[in-house]
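Written out below as C-alpha cells is the structure these notes cover.
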Amino acid sequence: MLVSTKWLSKYVNINGIAPADLAERITRAGIEVDSIINRSQGMTNVVVGHVKECVKHPEADKLNICQVDVGEETTQIICGAPNVAQGQKVIVARPGAVLPGGVKIKKAKLRGEESNGMICSLQELGIEGKLVPKAYAEGIYVLPKDALPGEDALPLLGLDDTVLEFDLTPNRSDALSMLGVAYEVGAILSQGIALPDINYDQASEKAEDLLKLRVEATHDNPMYVAKVVKNVTISESPLWLQNYLMAAGVRPHNNVVDITNFVLMEYGQPLHAFDYDRLETGEIVVRHAEEGEKIVTLDDAERTLRSHNLVITNGKEPVALAGVMGGANSEVHDGTTTVVIESAYFAPASVRQTSKEVGLRSDASARFEKGVDPNRVQEAAERAAQLIAELAGGAVLAGSVVFDELEKTPERIVISPDYINSRLGMKISMDEMMTILKRLQIPTDAVNGQLVIDAPTRRQDLKIKEDIIEEIARMHGYDEIPKTLPVTESVPGGLTPYQAKRRVVRDFLEGAGLYQAITYSLTSKEQSQAFALETAETTDLLMPMSEERSTLRQSLIPHLLEALTYNVARRMDSVALYETGSVFLGMEEDGLPKEVEHLAVAMTGQWVDHAWQGESKNVDFFVLKGIVEGLMNRLGFSDRLTFEKAAIAGMHPGRTADILLDGNRVGLIGQLHPSEMKKRDLKETYVMEINLADVLKAETAELIYKPVPRFPSMTRDIALVVSKETTAGKLEHIIRDAGGKLLKDVKLFDLYEGKNVEEGKKSIAFSLTYFDPERTLTDEEVVKAHDKVLTALTTQADAQLRG
Amino acid sequence: MEQQLQQLKEEALKKIQDASDVKELNDVRVAYLGKKGPITDLLKGMGKLPAEERPKMGALVNVVRETVTEALESRMTLLEEAAIQAQLENESIDVTLPGRPAPAGNHHPLTRVVEEIEDFFISMGYEIAEGPEVEKDYYNFEALNLPKGHPARDMQDSFYISEDILLRTHTSPVQARTMEAKKGEAIKIICPGKVYRRDNDDATHSHQFTQIEGLVVGENIRMSDLKGTLDLFAKKMFGADREIRLRPSFFPFTEPSVEMDISCFKCGGAGCNVCKKTGWIEILGAGMVHPNVLKMAGYDPSVVTGFAFGMGPERIAMLKYGVEDIRHFYTNDIRFISQFNRTEA
C-alpha cells in the first residue's frame, strides 16, 4: 500500500509532522513503513510552459523548434516528442534544473538551433512508465489549459509529496484504504478524522427503472449495490485525481474508471463500472459460471471458467469475473453515456480461489480476499456517484438497485481491565483503556467494570479479547511493558541423552579433523536412493521447482560428494566433511515418511600433511575406519562393532564394508567406486554413513570403574604365516577365543607380504597381553595359555609360526 | 720413593689437565688409579719398607691419591658440562618452522548459532523439542490457527508431498505436537530445525533454511514474561548493553504478535550499514499464544496462557559474522566453514 501524505492530509491533520517521524510512529504502532518515497526527488526549476509556436526543425525530421512562454520570458526549446504542438501547456525543465537520476539541464544547441531547457515527459520526472496515462506514454505530458506559464510544475503534478510504502500484515486489511490509514494515524496522533462529505443531486428517474438485479449465488455474493448514472462524458480526469492515483501506484485511464479506482483506494471497497448500453439487457444476474464457460477479461485474455467461479452476467453471458476483473464486452469506453456502478461484497474464499485459479491478483481481489467492510459497500457506491456527477457531468438516478443479505452487526467483545492487565503484566487504568479505544474510534461502554466493545466492521481483525489486548498494548506502547521472567512449575530442562550424544558425535568428529557440512534435503529423483542403507519408496514433491530438488534424500552421501567436488574444483584438494541429518524412507501408516537421522562422512586428499618433515599420507580406508572405531568407542560400543566386507553399488568392491553393531547392520564404509569418482571429478575418496538414530538409541553398559592394575601384565608376541585370504579379524577372533580369561589384549603390529614370504601367503604379527587383576602371573600359567593360542591358530587357521 | 711419588702426581695432574674429553679422562683414571696403576703398585710395594716408615709413606700415598682423584673429578665435571653444552648446541632447532597441525574440524556456523541459542535457553530451564521435517498440514497450519484457505498461508509458500503432507514451513508444528503430547502440563521448550519454503535460491532466500522457536505455556504467563525473556536473550547473544524494542506485528498463531528489534551491535544505535541507519536490527517474531492454538491442543485458554517466539539462525549468523549471501551456508566451501573455528570475545 502506497500512502500519499498529501492525500492523507485530506482526512487527518498531519501538518508539521515530518514524514520520517510519521513513518516511525506508524511503524511503532504496528504497521511497518517499508520506505519513505520523496516524489520530488530533489527536482528544481521545473515550471509550466505555454507552447506559443511549434515548427519543424529544418535540419532534423524528428525535432521541433518551440517558442515557449515560461512566465518571465518566452524562450526557444527544441523538443523531440511526437506529440508536442502549439497551444499546449507543458512541463519545462529550465537550464539549471536537476531531474531524477541526476540529469542536469543546460542550454544547448541541437543541429544548430539553440535550446533553453527541455519539455518533459512524466517519466523524465521520475514517474514509472507503467503509471503514465496511455495517451502520454510515448511523449511529453500535456497539462490542463488553465495552468499558468512560469508556475512551479511540481505542486501542480502532486510531486511535492512524500509517499509512505506500507508493508501490511494480512490482518490489517483495514489499512488497504486511505480512510483506514486515516483512522490509524488519527489514533496515533490522538486526532479525529474528516470523512468525505457525500451529497449530490439525484435525478427523478429511478435506478431500478433502468436496471434489474438478480443474485443467484447469495452465499458468495451476499450484498450487491448498483447505481446508474446517465449522460456522463468520458474524458480525462482532473489533474488532482490523476496525481493521487499515480501516487498510489494506479495508472489513470478516464474519469469514470479513475473514480472507481479512487474510491477503491479511499474506502478499500472495490468498484466496477459497466457501460449500461453494452450490457444490452438492462439486467444484472450474479451466478456461478457454467463449467467451461468463457469470458474475455479487461486485459484481453480469454479465460475458461469452472462452476465454482462467481460471475456477473447480463442474464445471458458473463460480463465480469466477480471481484477479480471486469469483462472486455461491457467496459466503459470513450463513447459511454450511461454507467452502472457496482459495489458488492464478494465472499473472501470465493474471490481468493478464483483469483488463484485464473492467476489474476488485482487491487480489487486483494481487498475482497481479506473481507471488505460490510458497512461501506453502499457508502462507497454513493461516493462514486457523487464524484461522477461532479467530474463527468452525469445525472445520478435516484436510489440504488440492491440485493442485501449481508450481516453488518459489529462483533461484541466484553473484557475486563484486569484480564487485559493480567495478560500483559501491566497496570493500565480502565480510564486509559477507554481513552485508547476512543482514539481508535472503537465504540466502547464501561458496564460494571467491564469494557463492552462493539468492534467496528472496518476492523475485520478485531474478533476476540486478545485482539483488544493488542489494541490497548500497541497504543499504550510496548516500551511500557515491564520485563519479567515466567514463573512456571520448574522442569529440569536440558538436553535429552540422545541430543547430548549427538553433540558428542559432532565434537568427536571435529576433534578428528572433520568439518561439519549442511546440505539440502531435496535432491533429484535419480540420485535420491543412491547409497541408501535400506530400500524404500521415495518421497516426491507434488510440484517441484526443479528436477534437481524434487525428491527427499535417502542418503547424505550424494550431497556430501557434491560438496567435495565443489571444493576440489576450487583447488581445495584435501576435504573431510561430515553431516548429521534426516533421510526419508518410504511411508509410515500415518502418511508421513519414516524420517531417520543419519551420520555420513566423506573425505578425499591428504590426511596427514607435514611435508617439511617428510610426512604425508593420503586418506585411506583405515583412516576412516579408525574414525568410526574411535567414535564408537566414545559412545561405549568398543567391542560390539564389526566390519564385514560388502558389495554396495557405487562403492569399490574390494574396499567396502558393512558396519555392524551387535551383528546388526547400521552402516557402510568404503572407497568410492573409481567410475563414481571419475563421474564426480574426484580422486580417491572414502565415505561412510550410519543410522545415527539406531546407534544413539542403542543401550550401553553403565560406566563403572575397574580397579587400576596392581600386578604386572606379561606380553608375548607371535609372528605367523597364513594364507593371504585369512583375515586379520578371523585371526584375532581365534586368538581371543583360545586365550581364555587371562588374555586381556591383542594388538596387530606387523603385516608383510612379498620377499621371503611364500607366494599366496602373508606374514602377520600380534602382540598378546596376559594379565590377572588378582595376582602376578607365573611363567607357567602364561605359557599354558599362550600354547593354547598357538595350537588354535595352527589348527583353525593353518598358521605357521615364524622363528 | 717420596720423590717418585711427587713425580707421579705431577705427571697425573698434567695428564688430567690435558684430557680433552670424558673418554680420555677415564683412560687417565684407569692409568693412574686403576688396579694395575702405579699408585696401586706403590701401595703394594709398601710391604718392603721398614715398618716405621710405612705410616708416613702410607699417608703420603693417600694424599697423592686424593689429590689426583679430586683433580680427576673436577676435570670430569667440567668435561661433562662441556659435552652437554656441545650436545645442546648440536640439537638446536629452528623454532620458527611450522608445527605439526593438530586435527581441527569445526561446527558449521549455523550449528554454532543454534547451539549458542539452545545453551542459553537450557540454562533458563528449557528443553529441546524436535519433530519431523515432513509434516501433516494439520500440525503445520491448522493447529496453528491457519485453516485451509486462510490468507496468511500465502506468507509461506510450501512444498507439498500430497494434499495433506508437506515439508514443514516453520518449526511451529513441533510446538503444536508438544502441546498435544503434554496434555495440559506446563511447557518450556526450544525447537530448532530445518524448514522449507518455495523460494528461488538467491542471496537472501533459500528453499531450505533453519529456524529456532521457543514456547512457554503455563498458568499466568504474561507478555511481560516474554519481554523479560527476550531481553535476557538479546543481552546474552548480542552483548550486555543491547536494548530491545517490541513492535506490533501479525502471526496467525499469536495474539498479540510482535517483532523484536535489538539496538544495533555494530554502531550501538548511532546508525550504520548493518542497521540501515535506523539504529535497530530486526531479530525475531514473537507473541502470546493464540487462544485457538491453545484450545486445539487441549488447553483451556481462560486458565493457561503462553508465549512463543521464533528466529532464523541464518539471519543471526549473517548479522553477527557479516555474511552477505545466504547460499554460503549450503555450499559447504571449506574456506567458509573453517573460518568459524575460533572462539569469540
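The values are calculated or read from the model by the stated rules, or taken from the named source; none is laboratory data. These numbers come from a predicted model, not from an experiment. Ideal geometry is used to build each Cβ from the backbone, glycine not excepted, and the neighbour counts take in all protein chains shown.
What number of residues in region B:328-345 are within 12 Å of chain A (Cβ to nearest Cβ), out of contact with any His (no Cβ under 9 Å at 6 or more places or on another chain) and not polar (S, T, N, Q)?
So the count comes out to 5.
As an exercise: evaluate residue A:484 against (1) in a loop (DSSP other than H, G, I, E, B); (2) within 30 Å of residue A:516 (Cα to Cα) and give the number of the one condition it does not meet.
It is condition (2) that residue A:484 fails.
Regarding region B:264-285, can at least one residue be identified that is touching a Pro at 6+ places or on another chain (Cβ under 9 Å) and not β-branched (Val, Ile, Thr)?
no
When residue B:172 is evaluated against the numbered criteria (1) of a type in the set (Gly, Ala, Ser); (2) touching a helix residue (DSSP H, G or I) at 6+ places or on another chain (Cβ under 6 Å); (3) surrounded by fewer than 24 Cβ atoms within 10 Å (Cβ to Cβ), which criterion, by number, is the only one it fails?
Just one mismatch for residue B:172, condition (3).
Checking residue B:142 against (1) more than 11 Å from chain A (Cβ to nearest Cβ); (2) modelled with pLDDT of 95 or more, which single condition isn't satisfied?
(2)
Take residue B:317 and tell me if it is away from chain A (no Cβ under 11 Å), out of contact with any strand residue (DSSP E or B) (no Cβ under 6 Å at 6 or more places or on another chain) and either closer than 15 Å to residue A:518 by Cβ or not in a loop (DSSP other than H, G, I, E, B) (or both).
Yes, satisfied.
Quick check on this structure: which one of A:371, A:449 is within 13 Å of another protein chain (Cβ to nearest Cβ) and either touching a Gly at 6+ places or on another chain (Cβ under 9 Å) or not charged (D, E, K, R) (or both)?
None of the others qualify; the one that does is A:371.
Look through A:200, A:183 and report the one residue that is closer than 22 Å to residue A:268 by Cα, out of contact with any Lys or Arg (no Cβ under 6 Å at 6 or more places or on another chain) and crowded, with 21+ Cβ neighbours inside 10 Å.
The conditions single out A:183.
Out of region A:1-45, which residues are of a type in the set (Val, Ile, Thr), touching a residue at least 60 places away in the same chain (Cβ under 8 Å) and outside any helix (DSSP H, G or I)?
Passing the criteria: A:3, A:12, A:14, A:17, A:31, A:33, A:36, A:37.
Please indicate, with yes or no, whether at least one residue in region A:626-633 is surrounded by 13 or more Cβ atoms within 10 Å (Cβ to Cβ) and β-branched (Val, Ile, Thr).
Taking every residue of region A:626-633 in turn, at least one turns out to be surrounded by 13 or more Cβ atoms within 10 Å (Cβ to Cβ) and β-branched (Val, Ile, Thr).
Only one residue in B:104, B:31, B:51 is among the small types (Gly, Ala, Ser) and part of a helix (DSSP H, G or I). Which one?
Selected residue: B:31, the only one of B:104, B:31, B:51 that is among the small types (Gly, Ala, Ser) and part of a helix (DSSP H, G or I).
Tell me which of these residue A:573 doesn't satisfy, since it passes every other one: (1) more than 7 Å from every other protein chain (Cβ to nearest Cβ); (2) outside any loop (DSSP other than H, G, I, E, B).
In the conditions (1) more than 7 Å from every other protein chain (Cβ to nearest Cβ); (2) outside any loop (DSSP other than H, G, I, E, B), residue A:573 misses (2) alone.
Can you find a residue in region A:353-371 that is of a type in the set (D, E, K, R) and more than 28 Å from the chain's Cα centre (by Cα)?
No: zero hits.
Just to verify a result, which residue in region B:168-187, among those that are polar (S, T, N, Q) and in a loop (DSSP other than H, G, I, E, B), is farthest from residue A:541 (Cα to Cα)?
Among residues in region B:168-187 that are polar (S, T, N, Q) and in a loop (DSSP other than H, G, I, E, B), the one farthest from residue A:541 (Cα to Cα) is B:171.
Return a yes/no flag: does region A:102-112 have any residue that is over 49 Å from the mean Cα position of the chain (by Cα) and surrounded by 15 or more Cβ atoms within 10 Å (Cβ to Cβ).
Among the residues of region A:102-112, at least one is over 49 Å from the mean Cα position of the chain (by Cα) and surrounded by 15 or more Cβ atoms within 10 Å (Cβ to Cβ), which makes the answer yes.
Would you mention how many residues in region A:583-619 are of a type outside the set (A, V, I, L, M), within 11 Å of chain B (Cβ to nearest Cβ) and not in a strand (DSSP E or B)?
The number of residues fulfilling the criteria is 7.
Can you go through B:164, B:154, B:199 and tell me which one is within 36 Å of the chain's Cα centre (by Cα) and at pLDDT below 95?
It is B:199.
Restricting attention to region B:215-241, which residues are among the charged types (D, E, K, R) and in contact with a helix residue (DSSP H, G or I) (Cβ under 9 Å, 6 or more places away or on another chain)?
B:222, B:227, B:236, B:241
Just to be sure before I move on: is residue A:762 surrounded by fewer than 16 Cβ atoms within 10 Å (Cβ to Cβ), basic (Lys, Arg) and at pLDDT 90 or above in the structure I sent?
Spelling it out, it is not the case that residue A:762 is surrounded by fewer than 16 Cβ atoms within 10 Å (Cβ to Cβ), basic (Lys, Arg) and at pLDDT 90 or above.
Out of A:268, A:282, A:249, I need the residue that is small (Gly, Ala, Ser) and buried (at least 24 other Cβ atoms within 10 Å of the Cβ). Which one?
A:268
Does any residue of region A:472-488 turn out to be more than 30 Å from residue B:341 (Cβ to Cβ), basic (Lys, Arg), in contact (Cβ under 8 Å) with a residue 24 or more places away in the chain and within 12 Å of chain B (Cβ to nearest Cβ)?
Looking for residues that are more than 30 Å from residue B:341 (Cβ to Cβ), basic (Lys, Arg), in contact (Cβ under 8 Å) with a residue 24 or more places away in the chain and within 12 Å of chain B (Cβ to nearest Cβ), one finds at least one in region A:472-488, hence yes.
Considering each of A:194, A:135 in turn, give the residue that is away from every other protein chain (no Cβ under 14 Å), among the aliphatic types (A, V, I, L, M) and either under 15 Å from residue A:249 (Cα atoms) or part of a loop (DSSP other than H, G, I, E, B) (or both).
Sole residue among the options that is away from every other protein chain (no Cβ under 14 Å), among the aliphatic types (A, V, I, L, M) and either under 15 Å from residue A:249 (Cα atoms) or part of a loop (DSSP other than H, G, I, E, B) (or both): A:194.
When residue A:249 is evaluated against the numbered criteria (1) outside any helix (DSSP H, G or I); (2) closer than 26 Å to residue A:399 by Cβ, which criterion, by number, is the only one it fails?
(2)
Among the strands (runs of 3 or more DSSP E) confined wholly to region B:213-309, which include 3 or more residues that are surrounded by 20 or more Cβ atoms within 10 Å (Cβ to Cβ) and more than 36 Å from the chain's Cα centre (by Cα)?
Because the criterion is at least 3 residues that are surrounded by 20 or more Cβ atoms within 10 Å (Cβ to Cβ) and more than 36 Å from the chain's Cα centre (by Cα), the strands (runs of 3 or more DSSP E) in region B:213-309 that meet it are B:244-251, B:254-263.
So, residue A:689, is that one within 56 Å of the chain's Cα centre (by Cα) and either assigned to a loop (DSSP other than H, G, I, E, B) or under 13 Å from residue A:769 (Cα atoms) (or both) or not?
no
Give all pairs with beta carbons closer than 9 Å in which a residue from region B:205-219 that is away from every other protein chain (no Cβ under 11 Å) meets a residue that is outside any strand (DSSP E or B) and among the acidic types (Asp, Glu); count only pairs at least 6 apart in sequence or on separate chains.
B:205/B:199; B:212/B:118
Within the group A:655, A:634, which residue is in the same structural domain as residue A:595 (by TED's automatic domain parsing), under 30 Å from residue A:773 (Cβ atoms) and modelled with pLDDT of 95 or more?
On inspection, the qualifying residue turns out to be A:634.
For a quick check of your reading: which strands (runs of 3 or more DSSP E) sit entirely within region A:365-479 and have at least 1 residues that are surrounded by 19 or more Cβ atoms within 10 Å (Cβ to Cβ), modelled with pLDDT of 95 or more and of a type in the set (A, V, I, L, M)?
Ranges flagged: A:395-398, A:401-404, A:411-415, A:450-455.
Test each condition in (1) in a helix (DSSP H, G or I); (2) free of Cβ contacts under 8 Å to residues at least 12 places away in the same chain; (3) more than 10 Å from chain B (Cβ to nearest Cβ) for residue A:503 and report the one that comes out false.
With respect to (1) in a helix (DSSP H, G or I); (2) free of Cβ contacts under 8 Å to residues at least 12 places away in the same chain; (3) more than 10 Å from chain B (Cβ to nearest Cβ), residue A:503 is out only on (3).
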